[in-house]
Amino acid sequence: MLKIDGKKAAADLRADLKKKVAELKSTYNAVPGLTVILVGEDAPSQIYVRNKEKSAIEVGINSEVIRYPENIEEKVLLNKIKELNKNNKVSGILVQLPLPKHIDKRKVIETMDPGKDVDGFHPMNVGNLSSGHDSSIPCTPLGCSLLIKKVEKNLSGKHAVVIGRSNLNGKPMTQLLLKENCTVTITHSKTKDLKTECLRADIIIAAVGMPKLVKGDWVKKGAIVIDVGINKTDSGLVGDVDFDEVSKVAKAITPVPGGVGPMTIACLLNNTVECFKKAQLSR
């Protein structure tokens, strides 16, 4: 059994991005810029944004964090996004979620320039991804895809089961797997006999937020298992997969923590670099 090391994969990707950023600076005399907007005092968001800023600086990306109080008016936030859309020094914009209840998340996402949407949440990017066209790809599914490729380069004909149908993970993950010519089954809370569906899978991606849902007898021998879940329990952080059980039958599995998580931020930086390159070529 291979324990897929997300920390190493993320470090390798950051090292590669650092080289790319240096080359872009040499070519264009400019570097990618990432602006993150943080509203309120949500503790996990604060930590996440700090990690993003640290990683961006590490690879040579200009990083800016704009902080607003919880009670900011929606129109102030939307006007700031419009201003960033016009700023050529800003390659990527990310509005940290969740947002306060009085702010319309959809309106915020749709105000963003799709070419600067490094999260891949804008409807235009969602549509392009599902149509097989070039787009920003949501960071966690992209990270999952890269980790799967570390184990198995050719996924054509593989049967993949995605547990969870969220816009953030499940749906874009499905599109990425289809692009690799996988046969994909999307499962969710209303799926009957989830165990039987999982037993058919060559690849399982668990992204449903239920601690240790996927058991050892749900997984066929030799399957690749990617655990997106992060659940707080009395015994610490655990994923959606029972690691101890599943690791006895899987060909490869991501741990929690240290699996998918580190790749999410590395892929955000990758998207920022890609947005910069596209912007330069379009000028």
Of the residues E64, E73, which single one is at pLDDT 95 or above, in contact with a Gly (Cβ under 9 Å, 6 or more places away or on another chain) and either over 13 Å from V36 (Cβ atoms) or not small (G, A, S) (or both)? E64
For A9: the one exception among (1) surrounded by fewer than 21 Cβ atoms within 10 Å (Cβ to Cβ); (2) outside the structural domain of E70 (by TED's automatic domain parsing): (1)
If we ask which residues in the stretch 213-237 are surrounded by fewer than 19 Cβ atoms within 10 Å (Cβ to Cβ) and either among the hydrophobic types (A, V, I, L, M, F, W, C) or closer than 18 Å to A250 by Cβ (or both), their number turns out to be 8
Name every residue in the stretch 169-182 that is hydrophobic (A, V, I, L, M, F, W, C) and assigned to a loop (DSSP other than H, G, I, E, B), in order of residue number. C182
Inter-residue pairs, beta-carbon under 6 Å, first part of a loop (DSSP other than H, G, I, E, B) and in the stretch 1-17, second surrounded by fewer than 20 Cβ atoms within 10 Å (Cβ to Cβ), 6+ apart: M1/S247
Of the candidates G209, G261, the one satisfying the condition of being closer than 17 Å to T187 by Cβ and either of a type outside the set (D, E) or outside any loop (DSSP other than H, G, I, E, B) (or both) is G209
Matching residues in the stretch 1-39 - criterion: being touching an Asp or Glu at 6+ places or on another chain (Cβ under 8 Å) and more than 16 Å from A279 (Cβ to Cβ): R14, K18, V36, V39
Kindly list the number of the only condition in (1) closer than 14 Å to T272 by Cα; (2) assigned to a helix (DSSP H, G or I) that fails for L77. (1)
Do you know which residues across the stretch 217-250 are of a type in the set (A, V, I, L, M, F, W, C) and farther than 25 Å from C182 by Cβ? L237, V238
If you check K179, K190, K212, K195, which single one turns out to be assigned by TED's automatic domain parsing to the domain that holds I230, in contact (Cβ under 8 Å) with a residue 40 or more places away in the chain and among the basic types (K, R)? K179
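Within the group T196, T187, which residue is more than 19 Å from the chain's Cα centre (by Cα) and under 30 Å from D234 (Cβ atoms)?
Numbers: T196 fails: under 30 Å from D234 (Cβ atoms).
The unique qualifying residue is T187.
A quick yes/no check of all residues on (1) among the aromatic types (F, W, Y); (2) without any contact (Cβ under 8 Å) to a residue 24 or more places away in the chain; (3) within 29 Å of K20 (Cα to Cα):
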{"site": "S45", "(1), (2), (3)": "no, no, yes"}
{"site": "N51", "(1), (2), (3)": "no, no, yes"}
{"site": "K54", "(1), (2), (3)": "no, yes, yes"}
{"site": "I57", "(1), (2), (3)": "no, yes, yes"}
{"site": "L78", "(1), (2), (3)": "no, no, no"}
{"site": "K82", "(1), (2), (3)": "no, no, yes"}
{"site": "N85", "(1), (2), (3)": "no, no, yes"}
{"site": "K89", "(1), (2), (3)": "no, no, yes"}
{"site": "H102", "(1), (2), (3)": "no, no, no"}
All but one of (1) of a type in the set (A, V, I, L, M, F, W, C); (2) within 16 Å of R200 (Cα to Cα); (3) part of a loop (DSSP other than H, G, I, E, B) hold for V225, so report the exception by its number. (3)
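Results for (1) farther than 21 Å from E70 by Cα; (2) surrounded by 14 or more Cβ atoms within 10 Å (Cβ to Cβ), shown as yes or no for each residue.
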| site | (1), (2) |
| --- | --- |
| R14 | yes, yes |
| L17 | yes, yes |
| L24 | yes, yes |
| V31 | yes, yes |
| V36 | no, yes |
| A43 | no, no |
| R50 | no, no |
Please determine whether any residue of the stretch 241-252 is assigned to a strand (DSSP E or B) and closer than 14 Å to L2 by Cα. yes
Looking at K150, K116, K158, which one is touching a Cys at 6+ places or on another chain (Cβ under 9 Å) and in contact (Cβ under 8 Å) with a residue 60 or more places away in the chain? K116
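The values are calculated or read from the model by the stated rules, or taken from the named source; none is laboratory data. Remember, it's a predicted structure, so these values are computed and weren't measured experimentally. Note that each Cβ is placed from the backbone with ideal geometry, even for glycine, and that neighbours are counted across all protein chains shown.
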